[in-house]
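Visitor: Here it is, the structure, as structure tokens.
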Amino acid sequence: MDWTQVAQKVQGGKYFGMYFIPKGTELFRGDIQWYDKCKHGSSVYTKGGPSWFGTQRVAEIYGPAIRFKTRENLYLLAMDDINTLNKLRGEFTGKPVLRSLNESFNIFDDGIVKYIQRISDSEHDYKIAREICEESGVPGWAHLTMRDDTSKGTFHAEIVLCDAKYVQCTGVIEYSTAEFLRLQATNMANIAKREQKARGKPKLKLGGEDLPSDIPHPLSLVPKKLF
């Protein structure tokens with residue numbers, strides 16, 4: 001079942017919306033570098049730093065899709081929640097990452113309704129993920145479909161996990177040779193684009209913090225540091 005159908009929006013304290021993702025939820029990632037390893041039986045995923053996941057359709061935007069499942073119950077920051085973003089803005093004040101947050105998750109108010117515009121940029125997204133993973137103590141973030149600045153008007157749902165330990169590979173989607181080569185080319189083009197953009201900039205140090213294997217209530221996950 002699509003992760004967006006099992007995710008439950010919960011309140012993680014006065015300021016935070018969170019998504020509860022049950023243990024065993026299926027996720028997908030488009031990643032040619034790990035496709036063969038998972039295809040040939042390795043369930044261990046050891047990518048360092050934050051990793052992005054989505055539905056199969058979303059994963060195939062970025063490359064051949066790998067199947068994963070969550071290894072434990074997860075409470076993730078809801079980045080489509082205005083209260084969450086406002087609180088993060090306060091926590092990020094005075095830090096360079098604040099600009100990244102405002103660029104990637106921009107709050108609009110037309111006088112009638114407030115909404116968040118999601119503009120994904122790999123550099124800004126990684127800076128936000130690094131800050132959340134290293135400073136907040138939560139295992140990552142999630143959001144459902146959001147508005148963006150394209151003519152299509154929407155940005156796909158996604159999950160970002162701080163550490164590979166939260167998932168395990170369960171297999172891959174099989175493709176025809178032609179389709180696999182197309183997805184492989186897409187993946188390599190995305191990698192080349194990120195590398196070109198990052199050229200000449202300091203490498204980000206990415207990582208996460210250990211968390212309990214199960215969390216009985218979202219309040220116990222939200223660190224006092226963020227209140």
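Derivation of every value follows stated rules applied to the coordinates shown; laboratory data play no part. It should be emphasised that the depicted structure is a prediction, and the values quoted were computed from it without experimental measurement. Here the Cβ positions follow ideal geometry from the backbone for every residue, glycine too, while neighbour counts run over all protein chains shown.
Visitor: Roughly what would the spin-label model give for Arg182 and Asn106, points 7 Å off Cα along C-beta, in nm?
Guide: Using points 7 Å along Cα→Cβ, the separation is 3.2 nm.
Visitor: Kindly count the pairs of lysines across the range 1-87 whose alpha carbons are less than 21 Å apart, treating pairs on different chains or eight or more residues apart as eligible.
Guide: Step by step, the pairs that qualify in the range 1-87 add up to 11.
Visitor: Which of Lys14, Lys47 has the fewest other C-beta atoms within 10 Å, and how do the rest follow up to the most?
Guide: Details: Lys14 10, Lys47 15.
Ascending number of Cβ neighbours within 10 Å: Lys14, Lys47.
Visitor: Taking the number of other C-beta atoms within 10 Å as the exposure measure, put Thr93, Thr186 in order starting with the fewest.
Guide: Working: Thr93 8, Thr186 17.
If I rank by nearby Cβ atoms, fewest first, I get Thr93, Thr186.
Visitor: What is the sum of charges, Lys and Arg at +1 and Asp and Glu at -1, for the other residues whose Cβ falls under 10 Å from the Cβ of Thr55?
Guide: Working: positive: Arg57; negative: Asp2, Glu26, Glu60, Glu158.
Its environment carries a net charge of -3.
Visitor: Hey, got the Cα dimensions of the range 14-208 along the principal axes, in Å, largest first?
Guide: Each principal axis gives a Cα extent; for the range 14-208 these are 51, 36, 35 Å.
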